[in-house]
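The values are calculated or read from the model by the stated rules, or taken from the named source; none is laboratory data. Computed from a predicted model, the values in this text were never measured in an experiment. Neighbour counts are summed over all protein chains in view; Cβ atoms, including those assigned to glycine, are modelled from backbone coordinates with ideal geometry.
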Amino acid sequence: MLFRSLSAGLEVVSTEASGVRQLLGDACTYLEEETPHALAEVMAARIRARGPTKTPPSLANFSIPSTALRLKVFFEKIFS
């Protein structure tokens, strides 16, 4: 679901579970705590920060080749 949302140019808020930060880096906004309050704070901050001219992250970062490379590096770290 994360890749689909990013590919659509949507902003993504996520936890760091399952190595999400290692795969997606700065493409997501991450929760400091996994609580409803933390989610509400992050969402409110992202809405305030989003200006009328702000564009979504480059979709090129989520092409099949770049995603495959990030996954390769991720799994090499895990299994080495």
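Considering only helices (runs of 4 or more DSSP H) fully contained in segment 1-55, which possess at least 3 residues that are within 12 Å of the chain's Cα centre (by Cα) and at pLDDT below 85?
2-7
Need pairs with beta-carbon distance below 7 Å; first residue in contact (Cβ under 8 Å) with a residue 24 or more places away in the chain and under 10 Å from residue 13 (Cα atoms) and within segment 25-40, second part of a helix (DSSP H, G or I) and not aliphatic (A, V, I, L, M); sequence gap 6+ or separate chains.
If the second residue must be part of a helix (DSSP H, G or I) and not aliphatic (A, V, I, L, M), the pairs left are 27/61.
Restricting to segment 14-27, give me the number of residues that are exposed (fewer than 15 other Cβ atoms within 10 Å of the Cβ) and either in contact with a Phe, Trp or Tyr (Cβ under 8 Å, 6 or more places away or on another chain) or on the phi > 0 side of the Ramachandran plot (or both).
Qualifying residue count, segment 14-27: 5.
Is it fair to say residue 43 is farther than 25 Å from residue 77 by Cα and among the hydrophobic types (A, V, I, L, M, F, W, C)?
It is true that residue 43 is farther than 25 Å from residue 77 by Cα and among the hydrophobic types (A, V, I, L, M, F, W, C).
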